[in-house]
Amino acid sequence: MQASAWHRIRAGIGLLTLLAASALPVHAQQPAPGAPALITGIQLRRDGGALQVLFLMRGETGYEVVANPRKRVAVVKFTNARPAFPEGRQIFAFNDPLIEGIAFESIDNLTTWAKIRLRTSSVAVEAVAETAPGQAAIALRPAPAPAGVELIGVRLGRHLGN
């Protein structure tokens, strides 16, 4: 019975929120977000066979990592951040066995993507959970070859009903 009461309370709160939001005038302005964080530098740190890519920041930002090892690319999607490198530099090349380079692309005023070109498709990419303040980090590790058979394509038959 407590669960049912909880759902009614949540539904009531949701309805009140909806009513309060609909009472706002259409021309109301949202508060401006804080100044975007600045990405000011990149550091590579090697730990055995693994590599850490540190993005040095001025300010706080959120980020997520998306990887497509088959296409040999990983993308770090920063929110509320923009690159601020000396001389407006946006592309960085590295002489490293795991990565070729990093190119920054500003999607809009508050979204920046750091596109990392991988040298090989057998790399595991993950965000580092605990970093020092003013840093965002990802870890790159050589991934073992997949065990068994890898499905890389499917061909559908051209029979009626398929």
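Some observations on this one:
- Count - residues of the range 89-142 that are under 22 Å from LEU38 (Cβ atoms), in contact (Cβ under 8 Å) with a residue 24 or more places away in the chain and either over 18 Å from the mean Cα position of the chain (by Cα) or not in a strand (DSSP E or B) (or both): 7
- Consider the range 137-149 and keep the residues that are modelled with pLDDT of 90 or more and open to solvent by less than 90 Å² (accessible area, probe 1.4 Å). The one that is nearest to VAL75 (Cα to Cα) is ILE138.
- Candidate set from the range 69-79 (those that are modelled with pLDDT of 90 or more and surrounded by fewer than 19 Cβ atoms within 10 Å (Cβ to Cβ)); member that is farthest from ILE116 (Cα to Cα): THR79
The values are calculated or read from the model by the stated rules, or taken from the named source; none is laboratory data. Bear in mind the structure is a predicted one, so any value in this text is a computation, not a measurement. Please note: Cβ atoms are built from the backbone with ideal geometry, for glycine as well, and neighbour counts cover all protein chains shown. Calculation scope for accessible area: heavy atoms of the full protein, side chains included, ligands and nucleic acids excluded. Shrake-Rupley method; radii C 1.70, N 1.55, O 1.52, S 1.80 Å.
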